[in-house]
Every structure is written in structure tokens, then in C-alpha cells.
Amino acid sequence: IMSQATARAHSNIALIKYWGKRAGPRNLPAVGSISVTLGALYTDTTVVFDDTLSADCAQLDDKPADTARLTPFLDLVRARAGIDTRASIVSANNFPTGAGLASSASGFAALSLAATRAAGLELDARELSILSRQGSGSAARSIFGGFAEMHRGTRDDGSDAFAEPMLEPEDWPVEIVVAITDTATKSVNSSIGMSHLDERSDYYQAWVDHSESDLAAMRDAIAARDFETVGALTEMSCLKLHGLMMSTRPGLIYWNPATVAAMHAVRSLREAGTPVYFTIDAGPQVKALCAPGHGEAVARELADVPGVLETRRTALGPAARVIA
Ligand code: DP6
């Protein structure tokens, strides 16, 4: 017996960052986060449950992929569906994998949707968000389009650690320009980078203590469509995250010279009157948050920054969806 489904989920970029986990299983976040989903960056994933398979197998961007992180995730879906059929996963990103462009977010969101549908389950968006979180914390947000907020939750079972939609893309069509400065896979992935932070960084408690007020300020600014305040909070959360990363033993430095050059370029553009702010995840790429209508000019400027290999301009994207 075979059953299959294909889903597409888009990458997302946090404006208020998630970093650090609270005690408990499977990516219970220590802090909430707020993100935007990106239209131009996505993952397509097909899951086939196939009785003839003796083990799960996976392919990512046409290459065989390790199932160490995938089988425990599929086990959650199998347990829920009451099956124990093994699966074949075929996944493709339309952007460089593992280079700080949030491939685990779009990847696990697409996998959650494809795997549950292939297993005959119809989860609602909140349940899908909870499931995606168990693959990768940031994936919980990629279930939704536009602006989304991930709740930290307080329960041990994670049933209140899910994302919710805030605004649809058309409600506030801000643009993102991604400046790619390196396409190699990053050296320290997020899960490892944020493990045991309480013992590894003296700044961690301060990060956690201030997260609620950062989230509250961002909620208000988004509701008011106050681009300058959203942008200022976005840069602040990014720089605070990277300060925390640098303060971790051993210190994490995700930036290269072109990353820093692009940050300065964004600030120069802003001083010259363009409404644009930067943010950076656990990798060297710079993402510029642009007010509606300013993406093209920002992309042109960032393409000329020394060390920037490529720019991608994107509008906000839609929710994860089944495509076959
Ligand atoms: C810097 O979601 O990749 O991008 O939950 O361990 O899979 P795991 O981590 P992940 O971390 C994302 C960290 C970040 C900030 C963010 O997206 O909020």
C-alpha cells in the first residue's frame, strides 16, 4: 500500500529572534518570536508511505540525506496515524541549504504537512505548527504566511508552544532583500549553537528576561504599521542575538567581512532616507527589511557591496499548503 502527498512551505525570517530552549522535549522555546514568511524562498517536500520499505529514506536537493533527525519526526506522525509504514522523503529547496536561509524552517513545515496528509491525517494549522516545532523551532512559524508570532508556552508537553498568524501579506506588503555572502553550509547549526546556553553564556538570562517586552513592543509596532519602530526593534533583536552568540563559550561568530559591509550599507542607505533595516540569523547572510516599494532600490545597492555574491528580493509569502 502506498500513499503520498506533496507540500510547499516558505522560509521565514524572525524579526524578534528565537534562541534558547526551555527544559523539556523537542524544541520548547525559551522565548517567543515574531517573523515574516518569504514568498521567494521555499521547500517542496513529497512523502510516500510505502509498505515495501524496511527503513525511512530521504533525498534533499537530489542527494541522499541523513534520516537521523527525520525518523524520530516521522515516528510522531506514525504514532498519531496509528501506522508503522516506513516513508520515502524527497525534498528540494529553491535556495542554498544550511547557509542561514532558514532551510530547516521551510523544510520541517513542508514535511509536517506532506507527512500528515500522506498518513491520512488532517491537522489544523495550530496542530501542524506544534508538530513542525518538534522538527525545528522556527518551522512552527512557516505554517503561516505574512507576519506570525511564535508563543513560548509554559506547558511541559509543548501544547501551548505554537505560532499564530498576525497579518496577511497583503495587510502590509513589506519586502525583504537577502544578500548572500557565502553559500557554504555553516559550521555551527542553530540547535548546537543554542544548546545549554544557561551554562555557556553570562548574557543568556538577560536575553530571556527582556524577551517579553521586546515582543510586546513589536506587536504594537506591527499593529500600528509603524515601519521605523518595527525596523529599529528588528535590528536591535538581531544585534542582541549576535551579542549573545558572541558571548557563548565557545564564542559563535557567524559574520564574515561582507556581512559587516552589508550591515553598514543598510545603515548608509537609511541615513540617505531609504526605509530599510537589517537582520541576520545563524549564518552570514544579511536580510534587509524594506518598507513597501523600496525592495528594488535596496537590492540594487546591496548587489554592489564588496563580497555580496547574490541578492534575492522577495515579497511576503503565503501559508504552507498541499500542492499535490
Ligand atoms: C537564529 O529553529 O533552526 O534563525 O529549534 O534547534 O531547530 P532548532 O533551531 P532553529 O533556530 C532558529 C534560530 C534563528 C532565529 C529564529 O529563526 O527565530
Once whole DSSP H runs in the chain are found, which of them have Cα atoms spread over 27 Å or more along the helix axis and a mean Kyte-Doolittle score of at least 0.5?
227-246
Check Leu41: other-chain or 5+ apart residues with amide H under 5 Å from its amide H, H built from backbone geometry?
Ser11
Stretchable slack from Glu170 to Leu309, in nm (0.36 nm times residue separation minus alpha-carbon distance)
47.0 nm
Tell me, what is the FRET efficiency for Ala206 and Asp124 to the nearest 0.05, using R0 = 41 angstrom and their Cβ-Cβ distance as r?
0.65
Ordering of 82-94, 125-137 by packing [mean C-beta count within 10 Å, highest first]:
125-137, 82-94
Which of Ile83, Ala217, Phe278 sits closest to the plus end of the dipole of the chain, meaning its Cα is farthest towards the positive end, when Lys and Arg get +1 and Asp and Glu get -1 on the C-beta?
Ile83
Under a crude label model (7 Å from the Cα following the beta-carbon direction), how far is Arg80 from Met246 in nanometres?
4.1 nm
Residues of region 108-142 with amide N under 20 Å of a point placed 7 Å along Cα→Cβ from Ala324:
108-121
Distance in nm between Thr52 and Arg69 label points, each 7 Å along Cα→Cβ, equals 3.0 nm
For a Förster distance of 45 Å, can you work out the FRET efficiency between the beta-carbons of Asn94 and Leu239, rounded to the nearest 0.05?
0.95
Using only DSSP helix segments of four residues or longer, with each worth -39500 (n - 2.57), what per-residue ellipticity at 222 nm results for the chain after dividing by its residue count and rounding to 500?
-10500 deg cm²/dmol
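Every read-out reported here was derived from the displayed coordinates using simple, explicitly stated rules and does not represent laboratory data. Small disclaimer: the values here were computed from a predicted structure and weren't measured. No Cβ is skipped: glycine too gets one built from the backbone with ideal geometry, and neighbour counts run over all protein chains shown.
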